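J.: Before we start, here is the structure in question, set down as structure tokens.
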Amino acid sequence: MAAQGTVRGMTREELLALPVAVDLDTANKALTIGRSTGYALAKQGDYPVTVLRLGNAYRVVTADLHRLLGVTPELAAGPAEWCVQGASS
């Protein structure tokens, strides 16, 4: 179990199971970015991938997350590992 205040990333399997677009909280989790930091980056236009503003909601295209994290369906057959921002493969 993660300690309070820490952000757990997502496994490749979890990333590949995401829908075409996700809310900012899900993208934050995938990138191991805290909620406040993620929303601040999105508001400033500095989020690591393109953020779509739809009314009051932020959305991120899942393919952009996959590309940034280097996650492809071909790699999904490997062992389940945690995808952590900045980790080398």
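A short reminder: the numbers here are calculations on the coordinates, not readings from a lab. None of the values given here were measured: they were computed from a predicted structure. All Cβ positions, even for glycine, are placed from backbone atoms using ideal geometry, and neighbour counts span all protein chains on display.
J.: Sort D23, D46, D64 by Cβ crowding within 10 Å, fewest neighbours at the top.
T.: Listed from fewest to most nearby Cβ atoms, that is D46, D23, D64.
J.: Applying the Karplus parametrisation 6.51 cos²θ - 1.76 cosθ + 1.60 with θ = phi - 60° to the phi angles of the stretch 47-54, what ³J(HN,Hα) value in whole Hz is obtained for each residue in order, glycine and proline being reported as x?
T.: Karplus values, whole Hz, x for Gly and Pro: 5, x, 10, 5, 10, 9, 9, 10.
J.: Ranking K29, K43 by Cβ neighbours within 10 Å, fewest first, what do you get?
T.: So the residues, fewest neighbours to most, are K43, K29.
J.: Tell me, T11, T72 in order of fewest to most beta-carbon neighbours within 10 Å?
T.: Listed from fewest to most nearby Cβ atoms, that is T72, T11.
J.: May I pose another question? Taking H placed 1.01 Å from N in the peptide plane, check which residues at least 5 places from A21 or on another chain put their amide H under 5 Å from its amide H.
T.: Placed amide hydrogens put T62 under 5 Å from A21.
J.: Given just the C-alpha atoms of the stretch 10-69, how large is their convex hull per residue in cubic angstrom?
T.: Considering the Cα atoms of the stretch 10-69, their hull volume per residue is 69 Å³.
J.: Still on this structure, I have one more. Multiply the residue gap between T11 and L68 by 0.36 nm, knock off their C-alpha separation, and tell me the result in nm, one decimal place.
T.: Here the answer is 19.1 nm.
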